[in-house]
Amino acid sequence: QSKEHLGRFPTEGPAEVVSKATPVLLFRGLDGGRRALRLALVDRIEEVASSCIKQAAGQIRVQLGEAILPLAGAAADQVGEGKVRLFRLNDGNAEIGYAFAEVIDFATIEHDIIHAERAGEVSGVSLINGEPAELIDAHWLFANHLGSVSRTSEPLVCRIPTSDPWMQN
């Protein structure tokens, strides 16, 4: 091949590395724990009076204007007097609140994640900015705090062909 052909492509220098690091918001929970939440889920940060947080319909909820959202990240005894800060999380279909004490920093997950032993609010732990941080499992949060509210109003349908042996029996 001619050198003219090779001149159209870079042949020297370091290859560009595409980062697979996940951007997160590093924060401290109401219990003092160091946690991280994927940045893409955080719609905004709100500050509400503790009187806007109440136990209702089987779980802790927060009133934000005319919206009432399920509230994660807080037990009833952790919400004191005064103001409570929370993340307003959005999965594209629904919203929930997540109470926290303070934002630490924007960061990225660049190390391996050690997964939790069982499903729950925390999906695992990883080193972030040189210290361990628990990773919040947003899928679990939405599934457990929204329940049937997040599901479509259309009933689920399973279509099985009439020629299927199971249908014939």
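The values are calculated or read from the model by the stated rules, or taken from the named source; none is laboratory data. All figures in this text were calculated on a predicted structure; none of them were measured in a lab. When we count neighbours, we look across all protein chains shown, and the Cβ atoms used for this are built from the backbone with ideal geometry, even at glycine. We work out accessible area using only protein heavy atoms, side chains counted, and drop any ligands, DNA or RNA first. Shrake-Rupley method; radii C 1.70, N 1.55, O 1.52, S 1.80 Å.
Structure notes:
- Max-minus-min Cα coordinates of region 18-59 on each principal axis give 46, 22, 21 Å, with the largest extent listed first.
- Looking at region 28-169, the pairs of alpha carbons with a distance over 28 Å make up 29% of the total.
- Across region 20-169, the relative contact order, built from alpha-carbon pairs under 8 Å that are at least six residues apart, equals 24 percent.
- For residue 160, the accessible surface of its heavy atoms amounts to roughly 60 Å² (probe 1.4 Å, protein chains only, rounded to the nearest 10).
- The smallest convex shape that holds all Cα atoms of region 38-115, its convex hull, gives 134 Å³ per residue.
- For region 50-133, GluC sites (Glu not before Pro) meeting the loop criterion (DSSP other than H, G, I, E, B) and having at most 14 other Cβ atoms within 10 Å: 66, 81, 110, 117.
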